[in-house]
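Structure first, then comments.
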Ligand code: 2IT
């Protein structure tokens, strides 16, 4: 059989089924385009129609989320949970609250999550959920009423051994708290059915930091393959949420100088670097006051706000996109290379457009896909589940040691799979192949379900 023709027919058929699901198809194409050598070596995957099965979510739950604002006006949002794949464990993945949420974006995220979770080496299936609800500009009580309404339906479908949601864009510890509270009220059951809980009622220490720290550890591992390190490297971080802020913190602790980050208003460029004092200001601004980066530029005069801009034009050696999908395009990729960037380490899910991905893969720089380098978050979610089962808490140091080991293992699995299938140094191919094989083999073992 001609595998390339099979893969191309397969993609065409999928696109025809749901022509509007562009971002999901982008994610599928990105994974499947790496798999030809695997399918050639193991025709059983083709015979057993593993591709056709693995891109079909096991279940999608779609529901109405009515809620009342502080003025008593009624609003209706859409809620979803995409339970993508449970071959390796219960569905696991975040909840996104953002106006962009729809079935397409959640299928993309659930699909990515399945391979990411496989790479963590922990027993986790893949899922993703959310709503087209935007938490920005809402009061705490509005967010609480919305979260309770969201769980009034979702509680039927999740649970400690079934599906364990966590946070994502627009969904942090506050939202997890409200959702967990309502889940517990409805089920009368205190179990770790969510991760990202606060540490005083079941959360793991270091979970908030884990994704960002993991990104920095992964960059460190990549640079070490070239006898290099983060010491003295100028770094760009885009998003300024949970992932971005803790990526800044760890990159800095490992010797890097982070000179930019970004929010909805634009990018701040701080040529002196975001040091400990400035990071403390940033954390307070973003996490406590939910304010805008404009204030950073007002407070630290050497920093400049570049309104509506992304950071990719600023010269750097290490770039970590940590905001959202497709935030780094072809032009940005070319500019990064032109400015001498040596390492692009993805912190968000699929931040590079397909054209940008191709350019970075074809260059000689170190380039890691989000499903590998941002897996630290869900990995520590897995460790939160372990601690909940054991009814104990580990120290920060214990969790950090696990996190560092897991990121090192993921880095190694990517390199090994890439080398084994004839693409040494290609982290994207390696992550797709290693993530895929584990899920595919489990699906073969479990038969047609
Ligand atoms: O994209 C992600 O990996 C997450 N939002 C975290 C998921 C989780 O279950 O911790």
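Numbers at a glance
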| read-out | value |
| --- | --- |
| Shape call, segment 369-449: gyration tensor on alpha carbons, a/c limit 1.5 | oblate |
| Highest to lowest packing among 46-53, 142-149, scored as the average C-beta count within 10 Å | 142-149, 46-53 |
| Overall form of segment 175-295 per C-alpha gyration tensor (a/c, 1.5; a/b vs b/c) | oblate |
| Ascending count of other beta-carbon atoms within 10 Å, so fewest first, for 201, 394 | 201, 394 |
| Neighbour-count order for 324, 345, fewest beta carbons within 10 angstrom listed first | 324, 345 |
| Convex hull volume per residue for segment 1-114, taking Cα atoms only, in Å³ | 112 |
| Cβ crowding within 10 Å averaged over residues, with 29-35, 297-303 ranked highest first | 29-35, 297-303 |
| Once the Cα gyration tensor of segment 241-327 is diagonalised, semi-axes √(5λ) in Å | 16, 15, 14 |
| The chain: C-alpha pair distances exceeding 44 Å, % | 7 |
| Distance (nanometres) between label positions extended 7 Å along Cα→Cβ at residue 141 and residue 441 | 5.5 |
| Where labels lie 7 Å past Cα in the beta-carbon direction, separation of residue 339 and residue 420 in nm | 3.8 |
| Order of 395, 357, 187 under a 10 Å beta carbon neighbour criterion, fewest first | 395, 187, 357 |
| Convex hull of Cα atoms in segment 126-201, direction-averaged projection (nm²) | 5.0 |
| Theoretical FRET efficiency, 1/(1+(r/R0)^6), r = Cβ-Cβ of residue 44 and residue 16, R0 22 Å, to 0.05 | 0.25 |
| Gyration tensor verdict on segment 278-422 (Cα atoms; rounded if a/c is under 1.5, prolate if a/b is larger than b/c, oblate otherwise) | oblate |
| Structure-based [θ]222 nm, the chain - -39500 (n - 2.57) summed over DSSP H runs of at least 4, per residue, nearest 500 | -15000 deg cm²/dmol |
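Read-outs throughout are calculated quantities, based only on the coordinates presented, and are distinct from any laboratory measurement. Everything quoted here is computed from the prediction, not taken from an experiment. A quick note on method: Cβ atoms are made from the backbone with ideal geometry, for glycine too, and the neighbour counts reach across all protein chains shown.
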